[in-house]
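Structure, as structure tokens:
The values are calculated or read from the model by the stated rules, or taken from the named source; none is laboratory data. These numbers were taken from a predicted model, which means no experiment stands behind them. Heads up, the Cβs are rebuilt from the backbone with ideal geometry, glycines too, and the neighbour counts pull from every protein chain shown.
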């Protein structure tokens, strides 16, 4: 399931995700069709605010950065943490 969206990389994990900006409330879910983590954020997709919210969400676990898709809903986020910690963090926030 969520494991399909995670790829181990040097020094951390890359998370394949889809951003849902301007949502009524924050939340995270799994999209089985796209095989991506879906992150709902309240920030609008203007002037990088949604990207900042995404990085902030993952930075609560470890240093993070968007490595692909900065101007797209489909993103790849690098999280500098072990695979098991990233998986547990995402699972603990599933709605």
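Output the residue which, of all residues in segment 1-21 that are in contact (Cβ under 8 Å) with a residue 60 or more places away in the chain and loosely packed, with under 14 Cβ neighbours inside 10 Å, is nearest to residue 83 (Cα to Cα). It would help to see each step written out before you state the result.
Filtering segment 1-21 down to residues in contact (Cβ under 8 Å) with a residue 60 or more places away in the chain leaves 2-3, 6, 8-9, 11-17.
When the remaining residues are screened for being loosely packed, with under 14 Cβ neighbours inside 10 Å, the result is 3, 8, 11.
Working: 3: 9, 8: 6, 11: 10 Å.
Within segment 1-21, the match that is nearest to residue 83 (Cα to Cα) is 8.
Considering only residues that are surrounded by fewer than 17 Cβ atoms within 10 Å (Cβ to Cβ) and under 15 Å from residue 19 (Cβ atoms), which ones fall in segment 56-68?
56, 65, 67, 68
Residue-wise test of (1) in a helix (DSSP H, G or I); (2) touching a strand residue (DSSP E or B) at 6+ places or on another chain (Cβ under 7 Å).
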site	(1), (2)
7	no, yes
13	no, yes
30	no, yes
44	no, no
88	yes, no
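Within segment 52-71, how many residues turn out to be in a loop (DSSP other than H, G, I, E, B) and either within 19 Å of residue 30 (Cβ to Cβ) or under 11 Å from the mean Cα position of the chain (by Cα) (or both)?
In the first step, residues of segment 52-71 are kept if they are in a loop (DSSP other than H, G, I, E, B); the result is 60-63, 69-71.
Then keep just the ones that are either within 19 Å of residue 30 (Cβ to Cβ) or under 11 Å from the mean Cα position of the chain (by Cα) (or both); that gives 61, 69.
Adding up the residues that qualify gives 2.
Considering only residues that are at pLDDT 95 or above and in a loop (DSSP other than H, G, I, E, B), look in segment 72-81 and name the one that is surrounded by the fewest Cβ atoms within 10 Å (Cβ to Cβ).
Checked segment 72-81; the qualifying residue surrounded by the fewest Cβ atoms within 10 Å (Cβ to Cβ) is 80.
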